[in-house]
Amino acid sequence: GKHRIVIPCLGHFKEEYEKVSKLYMNNKIRTTKYTLLNFLPRNLFEQFHRVANLYFLFLVILNWVPLVEAFQKEITMLPLVAVLTIIAVKDGLEDYSKYKMDKQINNLLTKVYSR
C-alpha cells in the first residue's frame, strides 16, 4: 500500500512536497451541501421532493393544457416561483454561513504534540 511521507523542512524539498501532497486527501472540514456549480439543480431537486411543490407544479402543467386552462398561465406559476425562490435564498444563505464557519474552523491554529 501507500505510505505516508513527512517532509519537515520545505526549503529544499518544496517540489517533492508538492508532488507527494497531491496523492493524499486533506483534512479540511466541509459541511456545506452546495457549490456554485451544483446549487440550482441540487436545490430544485430537493425542493421537488416536497409534495406541496409537486402539487403546484402539477397545477402549472395542467394550466398549460388549453381545455383545462382556468387562469392565465403566468398567474398560476407565481406561487410556485415565489416559494421556490424564497426557499432557495434561505438555503443559499444557510449554506453560505456554513461555508464561513468551515473556513474559520479550517484556519484555526492547532497544537501538535511531538516528543
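The values are calculated or read from the model by the stated rules, or taken from the named source; none is laboratory data. None of the values given here were measured: they were computed from a predicted structure. Counting neighbours? That spans all protein chains shown, and the Cβs are built from the backbone with ideal geometry, glycine included. Surface areas here come from the heavy atoms of the whole protein model, side chains and all, with no ligands, DNA or RNA. Shrake-Rupley method; radii C 1.70, N 1.55, O 1.52, S 1.80 Å.
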> Residues T110, T76, T85: which one is in contact with a helix residue (DSSP H, G or I) (Cβ under 9 Å, 6 or more places away or on another chain) and among the hydroxyl-bearing types (S, T, Y)?
Replying inline: T76
> Of all residues in the range 70-99, which are open to solvent by 80 Å² or more (accessible area, probe 1.4 Å), within 14 Å of the chain's Cα centre (by Cα) and closer than 18 Å to H49 by Cβ?
Replying inline: K90, E94
> Out of all the residues in the range 31-60, which are assigned to a loop (DSSP other than H, G, I, E, B), surrounded by 11 or more Cβ atoms within 10 Å (Cβ to Cβ) and touching a residue at least 40 places away in the same chain (Cβ under 8 Å)?
Replying inline: T32, K33, Y34
> Looking only at the range 35-83, which residues are among the hydroxyl-bearing types (S, T, Y) and under 30 Å from K100 (Cα atoms)?
Replying inline: T35
> Restricting attention to the range 37-89, which residues are at pLDDT 95 or above and among the hydroxyl-bearing types (S, T, Y)?
Replying inline: T85
> Can you tell me how many residues in the range 86-104 are farther than 11 Å from F39 by Cα and of a type in the set (D, E)?
Replying inline: 2
